[in-house]
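Take a look at the structure set out below.
The values are calculated or read from the model by the stated rules, or taken from the named source; none is laboratory data. Everything numeric in this text was worked out from a predicted model, so none of it was measured. Because the Cβ atoms are built from the backbone with ideal geometry, glycine has one as well, and the counts that use them run over all protein chains shown. Only protein heavy atoms, including side chains, enter the accessible area calculation; ligands, DNA and RNA are left aside. Shrake-Rupley method; radii C 1.70, N 1.55, O 1.52, S 1.80 Å.
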Amino acid sequence: MISFNIYCDESCHLPNDGMSVMVLGATSCPVDKTKEIAKRLREIKIKHGLHPNFEIKWGKVSNSKAQFYLDIVDYFFDDDDFAFRCVIIDKKSINHDKYRQIHDDWYYKMMFLLLKNIIKPNATSFIYLDKKDTQSGEKVRKLHDVLCNSQYDFKQEKIKRVQIVESHHVEQMQVADLLLGSLCYLNRKLQGNKAKQAIINRVKERSGYQLHASTLPSEQKFNIFYWQGGYYGG
């Protein structure tokens, strides 16, 4: 049975951060391709005169490193074993009172929506989340339970692990940050950073999408889902 690693990140995820859009994103790859992908990403860093441990991060995109980040985007699209999915949420559509839920309960529903199209029924999955706060441990246990129950995986044999990691140690998670950062920037209608705009344009070009609408659920390489309030995927 094939195994997949899934690397999750999120942007503007806090309920009262003043941001209009929230994006959850994840990259994935077969477990047996993990080291190869990390090695190639470090080689691109070295090619651009960066330390192999330099952290790929949307917040670090600048004109001086524009070509480096464009090369990272191109590598992602060139590698058939590397995939991305995101859920984009207009925070105005969130209505916790209507659905009698607290923000954390809604968050798990959104993480389920993110992951349900990535988790494959005939494969095992190892899920890694970027460390965000001191409450991460409890969130991980709850998310693992929710995901396993949704897959009737009561013995946690298919979804083997849900674990917190530090993103600066994991190249694939850094790519997730870069890609979801580009979609968050686009949907917040920000402007003024030419390097970031160049990356967004490259993502549009390489994906074949204008990024303003959901892709088909069956899209395997670059999957986008724009969440409409009240939809929780059954």
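Inside the stretch 48-65, can you point out the residues that are surrounded by 11 or more Cβ atoms within 10 Å (Cβ to Cβ), more than 21 Å from the chain's Cα centre (by Cα) and part of a helix (DSSP H, G or I)?
Scanning the stretch 48-65 gives N63, K65.
Can you tell which of D81, D32 is assigned to a loop (DSSP other than H, G, I, E, B), touching a strand residue (DSSP E or B) at 6+ places or on another chain (Cβ under 9 Å) and either touching a residue at least 12 places away in the same chain (Cβ under 8 Å) or surrounded by 16 or more Cβ atoms within 10 Å (Cβ to Cβ) (or both)?
Step by step, each of D81, D32 is checked, and only D81 is assigned to a loop (DSSP other than H, G, I, E, B), touching a strand residue (DSSP E or B) at 6+ places or on another chain (Cβ under 9 Å) and either touching a residue at least 12 places away in the same chain (Cβ under 8 Å) or surrounded by 16 or more Cβ atoms within 10 Å (Cβ to Cβ) (or both).
At least 2 residues that are open to solvent by less than 50 Å² (accessible area, probe 1.4 Å) and within 27 Å of N122 (Cα to Cα) in each: list the helices (runs of 4 or more DSSP H) lying fully within the stretch 133-234 that qualify.
Per the criteria, 136-150, 171-187.
Looking at the structure I just gave you, is N122 part of a loop (DSSP other than H, G, I, E, B), open to solvent by 60 Å² or more (accessible area, probe 1.4 Å) and not acidic (D, E)?
Considered against the rule, which asks whether it is part of a loop (DSSP other than H, G, I, E, B), open to solvent by 60 Å² or more (accessible area, probe 1.4 Å) and not acidic (D, E), N122 comes out as yes.
Answer yes or no as to whether Y99 is of a type in the set (S, T, Y) and within 19 Å of the chain's Cα centre (by Cα).
Against the criterion (of a type in the set (S, T, Y) and within 19 Å of the chain's Cα centre (by Cα)), Y99 does not qualify.
For the stretch 2-19, give me the residue count where each residue is under 18 Å from the mean Cα position of the chain (by Cα) and either part of a strand (DSSP E or B) or at pLDDT 85 or above (or both).
Total satisfying the criteria: 8.
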